[in-house]
Amino acid sequence: MRAYHTKKQINPTATALLTYCVGAAFLLSSNLCFANLIVITGNNIINKPTTYKNDVLDMTNGRFTIKNGGSLEIENSIINSTISSANPYLANLTDGSVSLKNNTVNVSVDGITPNANSKPAYHLIEIQRGLVDISNNSFLASTAFTLGFLETQEFKTNGINISKNKIKNF
């Protein structure tokens with residue numbers, strides 16, 4: 001038996017729609033591929049509104065201290081941080097506000113010995129006073145039992161919202 005193949009007419013509307021969808025998908029994904037790489041070094045004092053959106057923050061040798069009048073907002077970003085005796089936290093809120101939303105935070109530790117039986121000497125986030133909103137993030141520490149996730153000080157603090165986060169190895 002002989003097989004017959006017929007030529008099918010390609011629908012130009014369907015081809016245009018497919019081309020549009022592929023192009024739109026490429027543009028949307030390119031925003032993630034071409035994010036700004038921002039290297040943070042030393043102790044950066046935040047005393048005015050500061051925002052990072054859709055960025056990659058290299059904080060292997062840097063940290064933020066948010067003071068009175070300052071606010072730090074990081075959204076839809078990747079944060080790579082190293083916690084050590086020379087770089088003891090990612091963010092220290094002395095007064096002001098911090099907002100972390102929809103971020104991926106990768107934390108490596110350097111020179112900190114794991115100890116499951118004692119309070120950690122270092123914390124990713126330290127809060128003395130201020131407003132905090134930490135939601136829909138993923139936090140991953142490279143080594144368990146080396147650092148705490150968040151610590152508050154003796155000052156009365158309210159206005160803290162921490163919701164829908166994935167926190168591992170803290």
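The values are calculated or read from the model by the stated rules, or taken from the named source; none is laboratory data. All values reported here derive from a predicted model rather than from experimental measurement. We place every Cβ from the backbone using ideal geometry, glycine too, and count neighbours over all the protein chains shown. Each accessible area value is taken on the protein alone, full model and side chains, heavy atoms only, with ligands, DNA and RNA left out. Shrake-Rupley method; radii C 1.70, N 1.55, O 1.52, S 1.80 Å.
Examine region 44-51 for a residue that is of a type in the set (A, V, I, L, M, F, W, C) and at pLDDT 95 or above, and state whether such a residue exists. Yes, region 44-51 has at least one match. Count of region 98-108 residues, restricted to those that are assigned to a strand (DSSP E or B) and either buried (at least 18 other Cβ atoms within 10 Å of the Cβ) or in contact with an Asp or Glu (Cβ under 6 Å, 6 or more places away or on another chain) (or both), is 6. Screening region 109-129 for residues that are under 20 Å from the mean Cα position of the chain (by Cα) and β-branched (Val, Ile, Thr) and picking the one that is surrounded by the fewest Cβ atoms within 10 Å (Cβ to Cβ) gives 109.
Would you confirm whether any residue within region 160-170 is at positive phi, surrounded by 16 or more Cβ atoms within 10 Å (Cβ to Cβ) and assigned to a loop (DSSP other than H, G, I, E, B)? Checked region 160-170: at least one residue is at positive phi, surrounded by 16 or more Cβ atoms within 10 Å (Cβ to Cβ) and assigned to a loop (DSSP other than H, G, I, E, B). The residue of region 64-92 that is farthest from the chain's Cα centre (by Cα), among those that are open to solvent by 50 Å² or more (accessible area, probe 1.4 Å) and of a type in the set (D, E, K, R), is 67. A Cβ distance below 6 Å, combined with a sequence gap of six or more or placement on separate chains, defines the contacts here; from region 141-156, residues that are at pLDDT 90 or above reach residues that are among the aromatic types (Phe, Trp, Tyr) in the pairs 141/170; 147/122; 149/170.
Can you say whether residue 105 is at pLDDT 95 or above and under 26 Å from residue 47 (Cβ atoms), as far as the supplied structure shows? Yes. In region 109-132, the count of residues that are more than 19 Å from residue 169 (Cα to Cα) and among the acidic types (Asp, Glu) is zero. Residues in region 135-149 that are over 13 Å from residue 83 (Cβ atoms) and in a strand (DSSP E or B): 135, 138. Selection within region 130-159: residues that are small (Gly, Ala, Ser) and out of contact with any Phe, Trp or Tyr (no Cβ under 9 Å at 6 or more places or on another chain). The member of this set that is surrounded by the fewest Cβ atoms within 10 Å (Cβ to Cβ) is 159.
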